[in-house]
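S.K.: Sending over a structure as C-alpha cells; questions will come in a sec.
The values are calculated or read from the model by the stated rules, or taken from the named source; none is laboratory data. Being a predicted model, the structure only gives us computed values, none of them experimental. Here the Cβ positions follow ideal geometry from the backbone for every residue, glycine too, while neighbour counts run over all protein chains shown.
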Amino acid sequence: MHTTTQREMSSETMKAPELNTMRIEIDGEIGTLTLDRPDAFNAMSPEMIGEMTVAFAWLADRAPLRALIVTGAGKAFCAGGDVTWFRRGLEDDELDLPSEVRRGAEALHQAIVDLRRISYPVIAAVNGPAAGAGFSLALACDTRIASESAFFACAYGRIGASPDGGMTYFLPRVVGPSRALELLLDDPNLSAQDALAEKLVSEVVAPEELSERARAKAEKLAAMAPHYVRMAKLLCGQSIENSLTEHLQLERHGIADSMATEDLRAGVAAFFGGEKAEFAGK
C-alpha cells in the first residue's frame, strides 16, 4: 500500500493544472499565464472561461510564486468574449442565449475574483489588442505594461452588449468614474500611447522588449517582502469601500502582523546596517 509522503504532496501542489486554451509556465518564483488561442486572437470561449476558473484558483491558493505575468500568444492579448459563441446562440432558436451567457459570466466573474485573491503582484504584459473582456482582464491585474503594438477598446457597445468581467468596477478606479463613463460611451480604440496618457498602463515598450521588461518588473516585485505586498494589495483594494475607522483597523492589524515575520527582522537589520534588505518570504 502506497502512502503519500509530504514531499509528494508538496510536488503535487506545485504542479500547474493541465489546460488546453492557456499555458502556465513557472521559472523560479515567477509564473507566466499565456492565453493560447492565437488563431482566435485569444478570445474567451466557454472552454477558456472554464479553464480560467481552474487556473486563477490554483494561482491564488497553491502556486509557489512571488509574481505572475499574464499575456497572450500571437498578435493579441485578448479580443474579449468569443462573438461566434453569441452568433451561434442567435441562430439556434433552441438555445437560450441569455441563460448561457449568464452562466458564462458567472464563471468569468469567479475567475476574476480568484485573480484578485492572488496575494503576489500580477503584471499584464499587453502584447496586442485588449478588447471587451480582454480589456477587463488587463484592468483586473495589478499593473500593466503595453507593447507599442497594443491597443485597448471597451468594445461592448459596438454590439449592444452590457460590460462584464469587472470593466465597470476596475475602469472607474483607474481613471475616475466620469472619465470611465466617457470611455465606455465614446468607445475609442486607445493606442498604447493613449493608454499611457490615461494612466491605464505604466509604460510602453517596443514589441521585442515586452517579455524582457515584464520579467524585470516581476523580478523586482518578487524581491519585496510577501507580507508587505499582500497587505498593500488588500488595503488598496478595500480602501474605497471601507469607512476610515474600518480601514485603520485593517492597517493596525497588518502592521502588527508584519512584526512577527522574519522578513521584518531582516529589513530592520539591513536598515541599521546600511544595506539593502533581502526578503526570504518568511
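S.K.: Could you tell me whether D164 is surrounded by 18 or more Cβ atoms within 10 Å (Cβ to Cβ), of a type outside the set (A, V, I, L, M, F, W, C) and in a loop (DSSP other than H, G, I, E, B)? Break it down stepwise before answering.
M.R.: Working: surrounded by 18 or more Cβ atoms within 10 Å (Cβ to Cβ): yes; of a type outside the set (A, V, I, L, M, F, W, C): yes; in a loop (DSSP other than H, G, I, E, B): yes.
Spelling it out, D164 is indeed surrounded by 18 or more Cβ atoms within 10 Å (Cβ to Cβ), of a type outside the set (A, V, I, L, M, F, W, C) and in a loop (DSSP other than H, G, I, E, B).
S.K.: I would also like to ask the following. Checking the structure you have, find out if any residue of the stretch 233-244 is surrounded by 15 or more Cβ atoms within 10 Å (Cβ to Cβ) and among the basic types (K, R).
M.R.: yes
S.K.: Give me the pairs: first residue in the stretch 106-120 and over 14 Å from S136 (Cα atoms), second residue part of a loop (DSSP other than H, G, I, E, B) and of a type in the set (A, V, I, L, M), beta-carbon distance under 8 Å, and six or more apart or on different chains, which are they?
M.R.: Hits for this filter: Y120/L65.
S.K.: Within the stretch 138-147, is there a residue that is surrounded by fewer than 24 Cβ atoms within 10 Å (Cβ to Cβ), more than 24 Å from K233 (Cβ to Cβ) and either hydrophobic (A, V, I, L, M, F, W, C) or free of Cβ contacts under 8 Å to residues at least 12 places away in the same chain (or both)?
M.R.: The answer is no; no qualifying residue exists.
S.K.: So, one more: Can you pull out every residue in the stretch 107-157 that is of a type in the set (S, T, Y), closer than 15 Å to A192 by Cβ and more than 9 Å from the chain's Cα centre (by Cα)? Explain how you work it out, then say what you get.
M.R.: Step one: filter the stretch 107-157 for residues of a type in the set (S, T, Y), giving 119-120, 136, 143, 147, 149, 156.
Add one more test, that the residue is closer than 15 Å to A192 by Cβ, and what stays is 143, 147, 149.
Matches in the stretch 107-157: S147, S149.
S.K.: Is there any pair with a first residue in the stretch 185-202 that is more than 13 Å from I145 (Cβ to Cβ) and touching a residue at least 24 places away in the same chain (Cβ under 8 Å) and a second that is in a loop (DSSP other than H, G, I, E, B) and not hydroxyl-bearing (S, T, Y) whose Cβ atoms are under 6 Å apart and which are 6 or more apart or on different chains, and what are they?
M.R.: Once the first residue is more than 13 Å from I145 (Cβ to Cβ) and touching a residue at least 24 places away in the same chain (Cβ under 8 Å) and sits in the stretch 185-202, its partners that are in a loop (DSSP other than H, G, I, E, B) and not hydroxyl-bearing (S, T, Y) give D187/C154.
S.K.: Consider only pairs whose beta carbons are under 9 Å apart and that are at least six residues apart or on different chains; among these, list those whose first residue lies in the stretch 248-268 and is surrounded by 13 or more Cβ atoms within 10 Å (Cβ to Cβ) and whose second residue is basic (K, R) and at pLDDT 85 or above.
M.R.: G254/R230
S.K.: Can you name every residue in the stretch 47-84 that is among the polar types (S, T, N, Q) and closer than 18 Å to A192 by Cβ? Please lay out each step first, then the result.
M.R.: To start, the set of residues in the stretch 47-84 that are among the polar types (S, T, N, Q) comprises 53, 71, 84.
Result: T71, single match.
S.K.: Quick check on my filter: what residues within the stretch 210-221 are surrounded by 14 or more Cβ atoms within 10 Å (Cβ to Cβ) and either modelled with pLDDT under 95 or among the charged types (D, E, K, R) (or both)? Quick ask: steps written out before the conclusion?
M.R.: Initial filter on the stretch 210-221 (surrounded by 14 or more Cβ atoms within 10 Å (Cβ to Cβ)): 210-211, 213-215, 217-219, 221.
Scanning the stretch 210-221 gives R213, R215, K217, E219.
S.K.: Taking L190 as the residue in question, decide whether it is surrounded by 15 or more Cβ atoms within 10 Å (Cβ to Cβ), touching a strand residue (DSSP E or B) at 6+ places or on another chain (Cβ under 6 Å) and either closer than 25 Å to K75 by Cα or outside the structural domain of V83 (by TED's automatic domain parsing) (or both).
M.R.: yes
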